[in-house]
C-alpha cells in the first residue's frame, strides 16, 4: 500500500514495561489510522533502536481484533529499549525519518524517553525538518513531574495494594512461625510504588506495618532492623515494605556495601535487599522471616490492572496524535486532575514541554508521608485511590467472641 | 447462649494458608449452624494449639455479613498452626473436647492435619468417646493422594499461570537487557505448583521456557545453568521456573550445599534458589538475569482466585458437616471428577480414610510431564485448566508485517 500524501507517523515504546503501555500504543494507532492527516502508521521495534535498524512494523495493516486484544495485553508489544542516543544516532535517526516521510514521532516512555524525544525535536528543528515530537508518559515509578500521575502507576499500585494486604493476612494467621515478612518492591528513587502497598489497608491491623521510603532514608541497616523488631513487638507480626534501591542516610545502598556475600569460590553476590534483610532479621533479631519479591510480575500484572489506568493510558495516546496533527511538538502529554477537594475524580489532558520532563524526577511530597516516616497520610490515599480503578474489595474478620461454656 | 442438646462442633484451620481456606470455614460454619444435629459451632484459634489453650471463638454468634465477607477473604481467619501432637496433647485435647460436649471435630488442612485428625479419632475410640472426625483438604501443593485435586491449588495455579505469562511478555519485550528470568515458586516435594506456571501459554512463544520439576531433578546446578543457556539461545530469552525446594539428582538442595554465602562477618546466608540462580546465570553464563519470587503472595492472591476453587472449597466444608452428622468419622473429604474424556468438568464429593492421607504425598504423574522433563503435557492442561475457574483471558501480539517504503 502506498503511503498517503499525509505525513507518516512513527510510534515506539521505551523503558520498563507496564500493564497499560500497550493501551497507549492502541490509542496512538487507532487515532492515527482514523486521522486524514496521517499517512502510514509505523511501529518501531524496540523503540529508537528499531528505528536505527529500520525494524519497522506496519500498524495500519494489522489483522482485525489485534488492537482489541493488545489493549488488555501487558508489556510492550513493539518491544522496548533503553538507548541513549549519540550525536551520530540522532543524525542517522533523522535521515531515516526523512526517508520514510515521517512527520509525527510519538514515543511512549519515561524520563529517558522524554530526553530522546526532546533531542530528536531539537535536531529536527536545527536541520529545518518539520517533525512533531510528542511523548506519552509511562512509568510505574510515577516519578515524572508536571503530570498528576503516570499511566502504569495505577495498575502496579492496585496489584501491590492487594498483594500486600494478602501477605499481611498470611503473616498474621501464623505469627509464631513467620512473624516478619519483607516485601521488596520497585520504584527507582521515589517512594510512590512502596507507598501504594498501604492502599488496601482496611484498618491498622492490616499490613504493611512499615514502609521504608527513599524520601525518609533509614540511618543504617541496624536502624531498619530495630524498627522491624519494634513493629513486630507492638503488632505481633510485621510486614515491611522495602524498595529494591533503598539507601541509608549516607546514600549507601542497603543491600550492598561491605556486607556483600561471597560464595565458596570468592565470587561477590548481590541477592538483593529482600533476601538480605530477611536473613539479617533471622540472624540478628532471632525472628523467622520470609520475603516476597513480586518483581516484574507486579509492574505488569494484568490480573490487577486498574480500569482507570487502562482508559487513561489509551486516551493519552489518542491525545498525543491529536496534538501532533494540530502542529504541537516537543511536548509530553500531562494528566491534570480537574476540580479539587471533594469533586469526583476526573482527568483532563494537557501538555508540558519535554525539557521540563527529561532527566528530572518527582519524589513523594511531604504531605503524603506520615509523621513516623513509615506510613502514608490520608492525603496520599485521597490522591492515589482513584487511580486504582474499581473500589478494592473489602475483606472480613471474625468478631472476637470467645466461646464460653454455659456452666462455667 | 446455652448449647443446644445436640453435639457441639469444633472447626480449625491448619498448615499454610490459601485463597480459599476461609471458604471452607464458611461452608462448615453455615452448614453446621443450619443443622439441627449440631449445637454450638466453635472455632479453634490457630488450629489444635487454640484447642489446647482453650482459645475458642463462637462462630454461631458472628455479626451478619461476616461469613459473606470471609468467603472472599484469603488466609486463615481463625489463624493456623503447624503442631505435631504429643501423646499428652492428645489426652488433653480430648479432655477439653469432652468438657465442651464436642461431637464433631472438623479440621481444614493438608497431610499433617490429616495425621492430627486421624490420631484424635483413634484416641477418642480408645477411650470410648463418640467423636466424629472429618478432615477437609487444603493445600496449594496439590499433593494429597486419593482426591482429584486439593482446594487451594486452582487459585495459586491461576495466579502463577497469569503471572508467568506476564513475566514472559516482559522478558521478551527486552531480551537484550534481561534475557533470563528466574521465577521461584512453592510446592514442597511435588511439581504441581511449578507445572501450573505453564497454564496460560497461548503458544510456544509464551513463557515459561523451562519448568524444573522435583519429579525430574536436574543432575546438578551446572546442568541447570546449561539448560538455561540453551533455552535462551534457542528462544532469544528464557523464563525458568524453579521450585524453592529443588534438589539435584543426588538429593542435594540446589540452593544449599557447599556454595552457601558468607557475609563479611562469616555468617552463613541462605538467600534462596531464585536469587542464587539469577546470580550464577550472571556470573557463569554472562547473561543478565532477574528473579521474581511471588512467595506467599501467590498462594493466597484473592485477585486471581479461581471461582471453581472457591465453590469447591466451600462445598467440601459443607460436605464434611453432612458426613459428620451422618455418623462418619476418620475420613477426609475427597473431590472426585465425574465422567471422563470429553465430559464437561464436574466434581462429586466422597470420602477417603484418613490413614490413607496422613504423611503421604502425591507427585506429578509421568503422563503430565513432557518428554523433555521441562514442560507439561496436553493431558496436564486438560486436568488442570478446569480448576482455574473462568477461562484465562487471551493476549494479543502484533502481526509481523514489516513496513516497507513504496519506492524501495
Q: Report yes if some residue within segment A:96-104 is on the phi > 0 side of the Ramachandran plot, outside any strand (DSSP E or B) and within 14 Å of chain B (Cβ to nearest Cβ); otherwise report no.
A: yes
**Q.** From B:56, B:10, B:25, residue being over 26 Å from the mean Cα position of the chain (by Cα) and within 10 Å of another protein chain (Cβ to nearest Cβ)
**A.** B:56
(Q) Please count how many residues of segment A:387-405 are in a helix (DSSP H, G or I) and surrounded by fewer than 17 Cβ atoms within 10 Å (Cβ to Cβ). (A) 0
Q.
Condition (residue is surrounded by fewer than 24 Cβ atoms within 10 Å (Cβ to Cβ), touching a residue at least 60 places away in the same chain (Cβ under 8 Å) and away from chain A (no Cβ under 14 Å)) applied to segment B:179-188: is it met by at least one residue?
A. yes
(Q) Among the listed residues B:141, B:166, B:112, B:148, identify the single one that is buried (at least 23 other Cβ atoms within 10 Å of the Cβ) and within 16 Å of the chain's Cα centre (by Cα). (A) B:141
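Looking at this structure, is residue A:207 within 12 Å of chain B (Cβ to nearest Cβ), surrounded by 16 or more Cβ atoms within 10 Å (Cβ to Cβ), at pLDDT 95 or above and within 28 Å of the chain's Cα centre (by Cα)?
When the stated conditions are applied, residue A:207 passes them.
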Q: Tell me which residues, restricted to segment B:71-106, are at pLDDT below 95 and in contact with a strand residue (DSSP E or B) (Cβ under 9 Å, 6 or more places away or on another chain).
A: B:81
**Q.** Selection from segment B:371-408 of residues that are away from chain A (no Cβ under 14 Å) and over 21 Å from residue B:156 (Cβ atoms)
**A.** B:371, B:372, B:373, B:378
Q: Confirm whether residue B:287 is touching a helix residue (DSSP H, G or I) at 6+ places or on another chain (Cβ under 8 Å), in a helix (DSSP H, G or I) and more than 7 Å from chain A (Cβ to nearest Cβ).
A: no
Q) Taking residue A:201, is it more than 21 Å from residue A:306 (Cα to Cα) and touching a residue at least 12 places away in the same chain (Cβ under 8 Å)? A) no
Q. Is it true that some residue in segment A:71-94 is under 22 Å from the mean Cα position of the chain (by Cα), free of Cβ contacts under 8 Å to residues at least 40 places away in the same chain, within 9 Å of chain B (Cβ to nearest Cβ) and over 20 Å from residue A:357 (Cα atoms)?
A. no
Q: Taking residue A:372 as the residue in question, decide whether it is over 18 Å from the mean Cα position of the chain (by Cα) and in the same structural domain as residue A:38 (by TED's automatic domain parsing).
A: no
Q: Identify, by number, the condition in (1) modelled with pLDDT of 95 or more; (2) assigned to a loop (DSSP other than H, G, I, E, B) that residue A:1 doesn't meet.
A: (1)
Q: Would you check which residues across segment B:321-347 are surrounded by 12 or more Cβ atoms within 10 Å (Cβ to Cβ), over 20 Å from the mean Cα position of the chain (by Cα) and within 26 Å of residue B:11 (Cβ to Cβ) and list them?
A: B:321, B:322, B:323, B:324, B:325, B:328, B:329, B:330, B:331
Q: Go over the candidates B:165, B:132, B:125 one by one and state the one that is touching a helix residue (DSSP H, G or I) at 6+ places or on another chain (Cβ under 7 Å) and either modelled with pLDDT of 95 or more or more than 13 Å from chain A (Cβ to nearest Cβ) (or both).
A: B:132
Q: Might you let me know whether segment B:301-314 holds any residue that is over 30 Å from residue A:390 (Cβ atoms) and either touching a residue at least 24 places away in the same chain (Cβ under 8 Å) or not assigned by TED's automatic domain parsing to the domain that holds residue B:233 (or both)?
A: no
Q. Which of (1) free of Cβ contacts under 8 Å to residues at least 60 places away in the same chain; (2) buried (at least 21 other Cβ atoms within 10 Å of the Cβ) is the odd one out, the single condition residue B:293 does not satisfy?
A. (1)
**Q.** Complete set of residues in segment B:34-51 that are away from chain A (no Cβ under 12 Å), farther than 27 Å from residue B:111 by Cα and touching a residue at least 24 places away in the same chain (Cβ under 8 Å)
**A.** B:35, B:36, B:37
(Q) Could you check segment B:60-70 and list, in sequence order, the residues that are free of Cβ contacts under 8 Å to residues at least 60 places away in the same chain and either within 25 Å of residue B:306 (Cβ to Cβ) or facing chain A (nearest Cβ under 7 Å) (or both)? (A) B:62, B:63, B:65, B:66, B:67, B:68, B:69, B:70
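Taking the options B:65, B:43, B:15, name whichever one is more than 20 Å from residue B:102 (Cβ to Cβ), crowded, with 20+ Cβ neighbours inside 10 Å and within 28 Å of the chain's Cα centre (by Cα).
Working: B:65 fails: crowded, with 20+ Cβ neighbours inside 10 Å; B:43 fails: more than 20 Å from residue B:102 (Cβ to Cβ).
Step by step, each of B:65, B:43, B:15 is checked, and only B:15 is more than 20 Å from residue B:102 (Cβ to Cβ), crowded, with 20+ Cβ neighbours inside 10 Å and within 28 Å of the chain's Cα centre (by Cα).
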Q: Mind telling me which of the residues B:367, B:355 ends up being in a helix (DSSP H, G or I), free of Cβ contacts under 8 Å to residues at least 24 places away in the same chain, more than 14 Å from every other protein chain (Cβ to nearest Cβ) and touching a helix residue (DSSP H, G or I) at 6+ places or on another chain (Cβ under 8 Å)?
A: B:367
Q: Check off (1) within 14 Å of chain A (Cβ to nearest Cβ); (2) out of contact with any strand residue (DSSP E or B) (no Cβ under 6 Å at 6 or more places or on another chain); (3) assigned to a helix (DSSP H, G or I); (4) touching a residue at least 60 places away in the same chain (Cβ under 8 Å) for residue B:115 and give me the number that stays unchecked.
A: (1)
Q) If you go through segment A:305-338, how many residues are in a loop (DSSP other than H, G, I, E, B) and out of contact with any strand residue (DSSP E or B) (no Cβ under 8 Å at 6 or more places or on another chain)? A) 3
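The values are calculated or read from the model by the stated rules, or taken from the named source; none is laboratory data. Predicted, not measured: the structure shown is a model, and the values here were computed from it. With ideal geometry, Cβ positions are generated from the backbone for all residues, glycine too; neighbour counts draw on all protein chains shown.
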